[in-house]
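Below is one structure, written out as structure tokens; the observations come after it.
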Amino acid sequence: MLLKVKDIYAGANDREILKDLSLEVSEGEIHVIMGPNGSGKSTLAHVIMNTGGYEINSGNIFFEGEDITELETDKRARLGLFMSYQAPPEIPGVTLENFIRAAITARDGETPSFFDLRDKIEEIMDELHINTDYKERYVNVGFSGGERKKSEILQLLMLEPKLAILDETDSGLDVDAVEVVGKGIARFMEKKSRSLIVITHHQEILKYVKPDFVHVIVDGKIVTTGKADLMDKIGKEGFAQFRG
Ligand code: ADP
Ligand code: MG
């Protein structure tokens, strides 16, 4: 078992958002998480990554058997966890290239070769149809919505985590960008040991990755789990069928 989220109750500002939520992800698996707006999907991602702002009231999170419930975000990253934000933040003063170099340095405890890193960034930027000049720009500052999402996929492909959590990385993109992002995610999953949690509202992603499990979250709980055809059913019938 790679990730085990066990009986989690978590919230923010005295509000319980996740209510007895459990989820298990094994090596090589792709899990899709769907659910209405405000059901707790982003909260779950933030709680798994411990990005701050949310408190776990009870339950535990394990990664490769280790209890990481109290572990800081950077240490989780070092263990091989990665999360892309639904709304990627701007980081004025830090270029995209230096941001990625710092993340890899923090993870490995040593600085990667300057030119190897730059070559790889440029190769992946070409593949993602991002102008390579963007590596000199401050992270997300003045980036369009689509550019921000592509920059998240660039970070994913550079950092090569064991488990990636993508929070609506395919939302708000035009068809061409969806294809680029989809292919980027598929490239990440080429290595069979990698695992993925994809929070999405869109079935287009199915063209690029085949989920092993599809979970539906309603009101902070997983109310049903199925296979890829569950996405199709939700596409046709919506979430009303799962509301109590
Ligand atoms: P989703 O990603 O499924 O749309 P979220 O996890 O972002 O939903 O939010 C779930 C619910 O928790 C929403 O009602 C939201 O308003 C609320 N919520 C999220 N973050 C906070 C917070 N920091 N403080 C208070 N309420 C929050
Ligand atoms: Mg969300």
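The values are calculated or read from the model by the stated rules, or taken from the named source; none is laboratory data. Remember, it's a predicted structure, so these values are computed and weren't measured experimentally. We place every Cβ from the backbone using ideal geometry, glycine too, and count neighbours over all the protein chains shown. Heavy atoms of the whole protein, side chains included, go into the accessibility calculation; ligands, DNA and RNA do not. Shrake-Rupley method; radii C 1.70, N 1.55, O 1.52, S 1.80 Å.
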**Message:** Please compute the contact order of segment 63-144 in relative form: average sequence separation of alpha-carbon pairs under 8 Å and at least six residues apart, divided by the residue count, as a percent.
**Reply:** 40
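Carbon and sulfur atoms: what percent of the 1.4 Å accessible area of the chain do they account for?
Values: 5430 of 11450 Å².
Answer for the chain: carbon and sulfur cover 47 percent of the accessible area.
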**Complete:** So the angle from the long Cα axis of helix 145-159 to the longest Cα principal axis of the chain, reported in degrees to the nearest 10, equals 80
**Request:** Round to the nearest 10 and give me the degree value, 0 to 90, for the angle of helix 96-108's Cα axis relative to the longest principal axis of the chain.
**Result:** 70
**Request:** Report, in cubic angstrom per residue, the convex hull volume of the C-alpha atoms of segment 11-94.
**Result:** 131
**Asked** Any idea how far apart Ser58 and Val94 come out in nm if each label point goes 7 Å out from Cα toward Cβ?
**Response** 3.7
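Calculate the FRET efficiency for His129 and Ala102 from the Cβ-Cβ distance with a Förster distance of 30 Å, rounded to the nearest 0.05.
0.75
Taking 8 Å as the Cα distance limit and 6 or more residues as the minimum spacing, I'd like the relative contact order of segment 101-244 as a percentage. Before the final figure, lay out the partial values.
Values: 141 pairs, mean separation 23.5, N = 144.
Here the relative contact order equals 16 percent.
Efficiency by 1/(1 + (r/R0)^6): what FRET value for Gln241 and Leu159, r their Cβ-Cβ distance, R0 = 35 Å, to the nearest 0.05? Show your work: numbers first, answer last.
Details: r = 38 Å, r/R0 = 1.07.
With R0 = 35 Å, the Cβ-Cβ based efficiency is 0.40.
Over the chain, average the accessible area per residue using a 1.4 Å probe and give it in Å², no decimals. Don't jump to the answer; show the numbers that get you there.
Numbers: 11450 Å² over 244 residues.
For the chain, the solvent-accessible area averages 47 Å² per residue.
Residue separation times 0.36 nm, minus the C-alpha to C-alpha distance between Asp176 and Glu66: what's the value? Display every interim value, and only then the final one.
Values: separation 110, 0.36 × 110 = 39.60 nm, distance 4.01 nm.
Gain on stretching Asp176 to Glu66: 35.6 nm.
Quote the FRET efficiency, to the nearest 0.05, computed for Asn37 versus Asp116 with a Förster distance R0 of 45 Å and r equal to the Cβ-Cβ distance. Don't jump to the answer; show the numbers that get you there.
On the way: r = 42 Å, r/R0 = 0.93.
The calculated FRET efficiency here is 0.60.
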